[in-house]
Amino acid sequence: MTATTHFHNDPKRSFQGLILTLHAYWADYGCVVLQPYDMEVGAGTFHPATTLRALGPKPWNAAYVQPSRRPKDGRYGENPNRLQHYYQYQVILKPNPSNLQELYLGSLKAIGIDPLLHDIRFVEDDWESPTLGAWGLGWECWCDGMEVSQFTYFQQVCGIECAPVAGELTYGLERLAMYVQGVDNVYDLNFNGRDGDEKVTYGDVFLQAEQEYSRYNFEHADTAMLLQHFVDAEKECQALLVAGAPQNGGVQRVIFPAYDQAIKASHVFNLLDARGVISVTERQNYILRVRNLAKACGEAFLLTDAGGYVARSAAA
Amino acid sequence: MPDLLLELRSEEIPARMQRKAAGDLRKMITDGLVEAGLTYEGAQEYWTPRRLTLDIRGLNARSKDVREEIKGPSVSAPEAAIQGFLRKAGLSDIAQAHRHADPKKGEFYVAHLVKPGRSAEEIVAELVPAVIRAFPWPKSMRWGRASAQPGSLRWVRPLQSILCTFGPETGGEPEVIDIEVDGIRSGNVTYGHRFHAPDAITVKRFDDYVAKLEAARVVLDAERRKAIIRDDAKNIAFANGLELVEDDALLEEVSGLVEWPVVLMGSFEEEYLQIPAEVIQLTIRANQKCFVTRPAGGNPDGGVSNRFILTANIEASDGGAEIVHGNGKVVRARLSDALYFWNTDQADLPDRAGLTEAGETFGLDLSKPLDQRMARLHRLGVTFHAKLGTQGERVQRIAKLAEDLAPVVGADPQLARRAAVLAKADLPTEVVGEFPELQGVIGRKYALLQGEHPSVAAALEEHYKPQGPSDRVPTDPVSVTVALADKFDTLVGFWAIDEKPTGSKDPYALRRAALGVIRILVENGIQMPLASHVNADLLSFFHDRLKVYLRDRGARHDLIDAVLATDTANDDLLLIVRRVEALGSFLETDDGKNLLAGTKRAANILAAEEKKGTTVAEAVEPARFAAEQERSLFAAVNQAEKEAAQAVERQDFSAAMAALSRLREPVDAFFDTVLVNDEDAVIRANRLALLQRIRATTSTVADFSRIGG
């Protein structure tokens, strides 16, 4: 790398530089650097590289950026901190290495946060995802009073005990970038690290989309159609698990496609929730239905090769 | 004698768990040592976010030998019995046993066994892993490679190291007690501050441990960390013409978040001071764990200043400028949200047209913000409880009840109704959504801002009171009325769906609600018969809570039982309390004591005769009196009964007691001179009837048979 490109990709100057720095750091550690999952999810945890790979005995180290969609958080592009679409940087290490805290702090140093200049703190946070049937213990990681990451030791995912436990790090990329760039409005973030005419901001890339999706999430999404989508996804998920069910001690043959449907149901639920058509009592019921799908997928995953299942030979 | 130093170092322990965990560690270890036969002079626990430490002084080096004798069979017993004895005592040859003699049994074998004492090292090495494995964390977790196996170690967060040294106070080198738990091997090494002193530290005993930690930027003692934070915070506030708003719970929490406290001051724009002080304090405290300040000499209930105090965990290389800047940014962002919430709540709702129906149902003035919120709460159909309908329905019930109760309490029914209608209107506000603990407080502020009557505004906050035995009881009649209506509705509702408290389970805080009703009625001196509001089962729940309340205030429980056993007005809690008080003072007097004795005697005789089946006359027949004392007792009973009944009618319980006290002399005289069990059955039956009258008369005030002593 020449000095110039290095300058443009300085994580203190550029949003993409921050991502590239984290990629380099975790790639160097030995993670597989994946690309975002190609479906709408509410958080990086939903990526099958985390939800499913956290299960079973096989070691797994991965890092990726995951666009996360939270329809309810749309603010028509008017709030400087809140977005209905944002990026999470997700790292999962299974089993968690004993120096995971030091590795995390190393990644902060890599993006320019000096722990003798900034007050880094691990503040209790018990993480739970009711829709994924998952929970873990860990912390919110604070930098000068701002939560910049979540740090979780997964104890259970899809209702299944994690053995071994995986460590999950989730960085809120926009927040972190606003911090290191010293910017108060997310749309002012320098995306490409250039100046003048060459400069592209976060607003250039996403502002119009935020406005449009806010309209969609709150005003235009066809709720009748979405309700039907939810039911369809639920049915499809269940049907796929049945279709791929193990025979004669073999492996489960269809799990990732089934899990996609669980993700879809979850996102459709979030859209319906944003449209305000789900009552308080119904809400719990929808969460339970998604959780049941996630549980069924988790159990099925354990019957696959990636889940550590050793198929009995047909002869035995 | 030697000292023991134990440190369990882990990743950051939640602040709220540290103090108890350190205490549990001390108790579990010292109990275990004592149980193993060791004694110690002193034990002190310490904690930081990253370690639990135990300093035990003057521990014995060994536990004592324990001698034990096992009695065996007679020396002439058959071989099989002797072999059995050898096995039981663990001897290999009968020659190892002693012979004892006894005049009855003759000569028999006894094994003299000595269980040798164990070294403290051995005991500690066994105890510590057991304590670690059984540690009572409220929530614990597994981690790392070991968690692939079932039964792996659980700790609050990953346990990183065990430091365990044992040795003489002075002179000789302490040694490491070798312990291993799930692959963690003990040693004499620890680590200081995560950022200031990342290198390993080797320690010998507590004294150099504390000193070396301090040099490595770790203040081990939480109380000292608290003192540093409190003092520095006060000083920095004072230096800026301000006063620290003290907050003990926050201080405790913050001291559990840092090993090396460094107090700094940040600020925010003055425009945010238009937000209520409670909201500013909660915003800064809940999200940022910072203290707020007020102008020096300011009213403790008044406003806060725009400076806040934060506690960092490092001595930053720039003196803390970046940290202050960063925290300020976050505080500002949070306050900007809060200000937005505060202003939004005072503005019209966008969907006012949809609120008309709700407006009519509740008689709301939809031009006012809080009225709009109430209408919205109703329209959204927010559930109060699945079986008890919506919040809107509940407010309708409370409003109706408040209107009914108002005359009894002495409140203006229209104001009471208005207050009840708005009582829950702040629930759908943005500020309460963000800070649920401000429900009521915020309603009151919005009510004043939209020009409600001060009593109505106060009731929005005070109808939740009292929240427990030490909380303030509302006194404004409007607040009292709505508070009673709210609590009655809760209790009656949950009783109707059979969701009563059981044992330690009281998820809807119904005991607190009942205690609230009791305190409001009794402490405000309000008479209110409950029978028209509650059923018999709920009334007996009130009686149970009343007993607890009165016992806590020092009343004798037998007096409460005695009063409750009568049927007179026992649904009026205030009257019950007054009767218990009057009865208590009466029984302090000689008249009271003697009358109690006389009444008990009468009751005992009656009970004995009733058991035997002796005839008791239906009514006392004056013609059958044989003694003068009978006649005067009968006259006294008639008089006392009439006077006591009238006094009870007037609810003048002292007068009722005074009327009863005049029975004392005739009762005493009767028992001194008259034999109840006359040979003549007719006279006896008549006298027993007279005794029955004594019992009946006293029971207009209390059931004397339930009074002890």
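Out of B:Trp260, B:Met657, B:Thr481, whose Cα points farthest toward the positive end of the dipole of the protein assembly as shown (charges: +1 Lys, Arg; -1 Asp, Glu; placed on Cβ)? The residue sitting most towards the positive pole is B:Met657. Residues of the stretch A:115-163 buried by at least 50 Å² of accessible area upon assembly of all protein chains, compared with the chain on its own (1.4 Å probe): A:Leu116, A:Leu117, A:Asp119, A:Arg121, A:Glu124, A:Leu137, A:Trp139, A:Trp142, A:Asp144, A:Tyr153, A:Gln155.
Across the stretch B:352-523, the convex hull enclosing all Cα atoms gives 115 Å³ per residue. Only lysines eight or more places from A:Lys94 in sequence, or on another chain, were considered; those with a Cα closer than 28 Å are A:Lys58, A:Lys109, A:Lys264, A:Lys295, B:Lys139.
Taking all pairs of distinct Cα atoms, average 1/r, flip it, and tell me the Kirkwood hydrodynamic radius of the stretch B:582-706 in Å to one decimal place. Before the final figure, lay out the partial values.
Numbers: mean 1/r = 0.0688 Å⁻¹.
Result for the stretch B:582-706 stands at 14.5 Å.
Loop-located trypsin sites (Lys or Arg not before Pro) in the stretch B:515-568 (DSSP state other than H, G, I, E, B) with a sparse environment of at most 11 neighbouring Cβ atoms within 10 Å: B:Arg553. Solvent-accessible area lost on pairing A with B (1.4 Å probe, both sides summed) amounts to about 3300 Å². Among the GluC sites (Glu not before Pro) found in the stretch B:610-674, those both in a DSSP coil and sparsely packed, with 13 or fewer other Cβ atoms within 10 Å of their Cβ, are B:Glu618. Note: the stretch B:52-190, Cα convex hull, 217 Å³ per residue. Extension gain for B:Ser654-B:Asn299 works out to 123.2 nm (0.36 nm per residue, less the C-alpha to C-alpha distance).
Here chain A has an Rg and Dmax of 20.6, 71 Å, counting Cα atoms alone. What is the distance in Å between the Cα centroid of the stretch B:572-607 and that of the stretch B:659-709? Centre-to-centre (Cα) distance: 14 Å.
Tell me the Kirkwood hydrodynamic radius of the stretch A:173-267 in angstroms, computed as one over the mean inverse distance between distinct C-alpha pairs. Intermediate values should be presented prior to the final figure.
Values: mean 1/r = 0.0582 Å⁻¹.
By the Kirkwood definition, the hydrodynamic radius is 17.2 Å.
With coordinates expressed along the principal axes, the C-alpha atoms belonging to the stretch A:69-196 extend over 52, 37, 24 Å, beginning with the largest.
Roughly to the nearest percent, how much of the accessible area of the stretch B:75-114 is carbon and sulfur, given a 1.4 Å probe? That share works out to 53 percent.
How big is the charge dipole of the stretch B:222-346 about its Cα centre, in debye rounded to the nearest 20, if each Lys and Arg gets +1 on its Cβ and each Asp and Glu gets -1 on its Cβ? Don't skip to the end; give the middle numbers.
Details: 12 positive and 20 negative charges, 23 e Å.
The dipole of the stretch B:222-346 has a size of about 120 debye.
The equivalent ellipsoid that matches the C-alpha gyration tensor of the stretch B:75-114 spans semi-axes of 17, 13, 7 angstrom, in descending order.
When each full DSSP H helix of chain B is screened for a Cα extent of at least 30 Å along its own axis and an average Kyte-Doolittle hydropathy of at least -1.0, the helices passing are B:15-35, B:321-346, B:590-612, B:628-649.
If I model the stretch B:153-304 as equal point scatterers sitting on the Cα atoms and use the Debye formula, what is log10 I(q)/I(0) at q = 0.13 Å⁻¹? Ignoring solvent entirely, the Cα scatterers give -0.75.
Summary of the geometry: the stretch A:171-205 and the stretch A:221-287, compared by the centres of their Cα atoms, lie 36 Å apart. Centre-to-centre separation between the Cα atoms of the stretch B:1-60 and those of the stretch B:364-384: 56 Å. The loop-placed trypsin sites (Lys or Arg not before Pro) in the stretch B:96-183, going by DSSP, that have at most 15 neighbouring Cβ atoms within 10 Å of their Cβ come out as B:Lys104, B:Lys105, B:Lys139. Around the Cα centre of the stretch B:352-523, unit charges on the Cβ atoms of Lys, Arg, Asp and Glu (plus for the first two, minus for the last two) sum to a dipole of about 240 debye.
Between B:Glu69 and A:Val32, the modelled labels are 7.6 nm apart [label points 7 Å from Cα along Cα→Cβ].
Just to be sure I understand: if I project the alpha-carbon convex hull of the stretch B:112-236 onto a plane and average over all orientations, what area do I get in nm²? Let's see the in-between values first.
Details: hull surface 51.5 nm².
One quarter of the hull surface, i.e. the mean projection, equals 12.9 nm².
Toward the positive end of the charge dipole of the protein assembly as shown, with +1 on the Cβ of Lys and Arg and -1 on the Cβ of Asp and Glu, the farthest Cα among B:Leu86, B:Gln391, A:Ala49 is that of B:Leu86.
Considering all alpha-carbon pairs of the stretch B:251-389, what whole percent are spaced by more than 19 angstrom? Walk me through the intermediate numbers first.
Numbers: 6074 of 9591 pairs.
Taking all Cα-Cα pairs of the stretch B:251-389, the fraction more than 19 Å apart is 63 percent.
Taking 23 Å as the limit for the C-alpha separation, the pairs B:Lys226/B:Lys289; B:Lys424/B:Lys487; A:Lys72/A:Lys235; B:Lys500/B:Lys547; B:Lys465/B:Lys505 exceed it in the case of A:Lys72/A:Lys235. Shown for the stretch B:352-523: the carbon plus sulfur share of the solvent-accessible area, taken with all protein chains present and a 1.4 angstrom probe, equals 51%.
The C-alpha atoms of the protein assembly as shown occupy a region whose extents along the principal axes are 128, 105, 77 Å, arranged from largest to smallest.
Beta bridges per DSSP, both residues in chain A: antiparallel share near 95 percent.
Taking every residue in B:308-314, how many Cβ atoms of other protein chains lie within 10 Å of its Cβ, on average? Intermediate results must be reported in sequence, preceding the final value.
On the way: counts 0, 0, 3, 1, 5, 5, 7.
Partner-chain Cβ atoms within 10 Å, mean over residues of B:308-314: 3.
Under a model in which nothing but the beta-carbon of Lys, Arg (+1) and Asp, Glu (-1) is charged, chain B shows a dipole of about 1340 debye around its Cα centre.
In this structure the stretch B:352-523 gives 39 Å² per residue of accessible area when probed at 1.4 Å with all protein chains present. Convex hull volume of the C-alpha atoms in the stretch B:1-88, normalised per residue: 135 Å³. Would you mind counting up the charge near B:Glu180? Only other residues with Cβ under 15 Å from its Cβ, with Lys and Arg at +1 and Asp and Glu at -1. Charge balance near B:Glu180 sits at -3. A Stokes-Einstein calculation at 4 °C with viscosity 1.567 mPa s, built on the Kirkwood radius of chain B over Cα pairs, returns a diffusion coefficient of 39 µm²/s. Remark: C-alpha extents of the stretch B:569-640 on the principal axes read 43, 28, 21 Å, sorted largest to smallest. Looking at B:Ile309, A:Val277, B:Ile284, which one has the Cα that reaches farthest to the positive end of the dipole of the protein assembly as shown (charges on Cβ: Lys, Arg +1; Asp, Glu -1)? My answer, from the dipole projection, is A:Val277.
The values are calculated or read from the model by the stated rules, or taken from the named source; none is laboratory data. Note that this is a predicted model, so its numbers are computed, not measured. Reconstructed Cβ throughout: ideal geometry from the backbone, glycine too, with neighbour counts over all protein chains shown. Heavy atoms of the whole protein, side chains included, go into the accessibility calculation; ligands, DNA and RNA do not. Shrake-Rupley method; radii C 1.70, N 1.55, O 1.52, S 1.80 Å.
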